[in-house]
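A short worksheet on the structure shown next.
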């Protein structure tokens with residue numbers, strides 16, 4: 001076990017790292033963050049912020065020397081940096097898990113080798129392949145860049161064979177995955193923690209609604225059958241075991257209209273859809289991340305109340321630079337506001353979230369979800385009025 005007051009290293013300084021840092025420091029650990037952004041949310045709270053690129057030799061050497069274990073809050077850590085660190089300090093998760101998660105082609109192949117169902121897909125790695133792509137399944141589909149796509153970025157819809165080549169060119173002619181659109185009923189996600197001894201804890205299944213490719217609302221418990229929930233947890237555990245995973249892992253699923261579960265993607269870190277755990281579960285995904293990478297006992301992740309998690313994007317910030325009026329939101333005793341400390345708001349940028357809890361004993365998250373939409377509408381309308389004032 002790695003015990004306090006050891007130093008924990010963190011690659012990435014965004015909001016996921018911010019909550020990891022808070023949890024670690026509350027438990028008595030020191031935290032060093034490596035991130036090139038001088039205003040990174042995690043760097044502001046860390047014991048030490050190494051403000052440098054992720055491939056900076058001096059910063060990596062300092063982190064390897066000082067940290068007892070290093071983890072990450074985003075998957076796109078340069079492969080050379082991950083490999084170099086893994087040779088000198090404990091890196092959890094390890095470079096193999098990071099390499100698979102940061103490349104959709106590698107991820108699809110890994111999942112299929114593991115016997116996990118995914119949507120029908122084709123590799124499109126060059127312009128000739130884009131022109132000649134003839135799937136044995138029906139279009140429409142989505143063309144996604146193999147690397148660096150997130151929150152709806154790096155993907156385009158295609159409806160015909162000719163669309164594939166055009167979309168490939170628009171995406172910069174980088175390696176891509178052509179994925180069939182499925183008859184979607186729901187999107188759900190499992191967040192789990194797995195320790196070095198193989199013990200594993202799953203958080204309650206979240207049901208997710210996306211708008212513009214970005215998560216808008218998560219509700220827990222998900223409105224699925226017990227059979228779907230158990231199957232999703234079993235698949236997520238299987239993926240973690242095949243990776244010999246150490247840390248927190250999120251697995252996103254499509255639930256088709258016929259009730260079939262298909263894995264969309266996996267993220268080797270805490271996840272936006274797991275933010276509800278900060279207030280609605282006996283342990284947060286971030287404390288569980290600390291425990292997993294340090295070899296501590298994992299806490300049973302038991303729900304306290306049904307919940308809805310609402311993302312707060314920069315679109316809700318008035319154009320005149322003012323801060324949103326949160327008085328309405330904070331007048332509700334079951335609403336918990338979380339802001340990330342980002343100094344500049346931009347459309348689509350995640351600035352914070354709010355968790356809205358149901359009453360203990362409520363069967364579902366219907367009331368929290370309705371209240372979340374009301375509060376979102378109020379903030380949106382307020383931002384629109386602010387834009388007019390500017």
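Observations, loosely collected:
- Mean separation of Cα contacts under 8 Å (6+ apart) over length of the chain, as relative contact order %: 14 percent
- Gain on full extension, evaluated as 0.36 nm per residue between residue 225 and residue 153 minus their Cα-Cα distance, stands at 22.8 nm.
- At full extension, residue 61 and residue 344 could sit 98.8 nm farther apart than now, given 0.36 nm per residue minus the alpha carbon distance.
- Relative contact order for region 26-110: 20 percent, from Cα pairs under 8 Å spaced at least 6 residues apart, divided by residue count.
- Extending 7 Å from the Cα toward the beta-carbon at both residue 68 and residue 186 defines two label points whose distance is 4.0 nm.
- Ordered by the count of other Cβ atoms within 10 Å of each Cβ, fewest first, 225, 284 give 225, 284.
- The length gained on full extension between residue 127 and residue 264, counted as 0.36 nm times the residue separation minus their Cα-Cα distance, comes to 46.8 nm.
- Three-way shape call for region 187-235 based on the alpha-carbon gyration tensor, with the a/c threshold at 1.5: oblate
- Here region 23-92 is treated as a sphere whose radius is the Kirkwood value from Cα pairs; by Stokes-Einstein at 10 °C and 1.306 mPa s it diffuses with a coefficient of 128 µm²/s.
- Whether the chain is rounded, prolate or oblate, judged on the alpha carbon gyration tensor where a/c under 1.5 counts as rounded: rounded
- Going from the fewest other Cβ atoms within 10 Å to the most, the residues 254, 286 appear in the order 254, 286.
- Residues 279, 136, 56, sorted so that the one with the fewest Cβ neighbours within 10 Å comes first: 136, 56, 279
- Choice from 374, 100, 228 showing the highest fluctuation, given a GNM over the chain with Cα pairs closer than 10 Å: 374
- Of all DSSP beta bridges confined to the chain, the antiparallel ones make up roughly 80%.
- Over region 184-389, Cα pairs under 8 Å with separation of 6+ residues give a relative contact order of 21 percent.
- Highest-fluctuation residue, 41, 157, 306 considered, GNM on the chain with Cα pairs under 10 Å: 157
- Ranked by the mean number of other Cβ atoms within 10 Å per residue, highest first, peptides 171-182, 67-78 order as 67-78, 171-182.
- Peptides 344-356, 235-247 ordered by average Cβ neighbours within 10 Å, highest first: 235-247, 344-356
- Residue-averaged [θ]222 nm for the chain, counting only DSSP H segments that reach four residues, each worth -39500 (n - 2.57): -9000 deg cm²/dmol
- Once both labels are positioned 7 Å from their Cα atoms along Cα-to-Cβ, the gap between residue 106 and residue 209 label points is 3.6 nm.
- Rounded if a/c under 1.5, otherwise prolate or oblate - region 278-390, Cα gyration tensor axes: oblate
- For region 120-180, the normalised intensity computed at q = 0.17, 0.22, 0.26 Å⁻¹ comes to -0.44, -0.75, -1.07 (log10 of I(q)/I(0), Debye sum over alpha carbons, equal scatterers, no solvent).
Laboratory data are not the source of any read-out in this text; all were calculated from the coordinates shown. Keep in mind the model is a prediction, meaning the values are calculated, not measured. In this analysis, Cβ positions are derived from the backbone assuming ideal geometry, glycine residues included, and neighbour counts consider all displayed protein chains.
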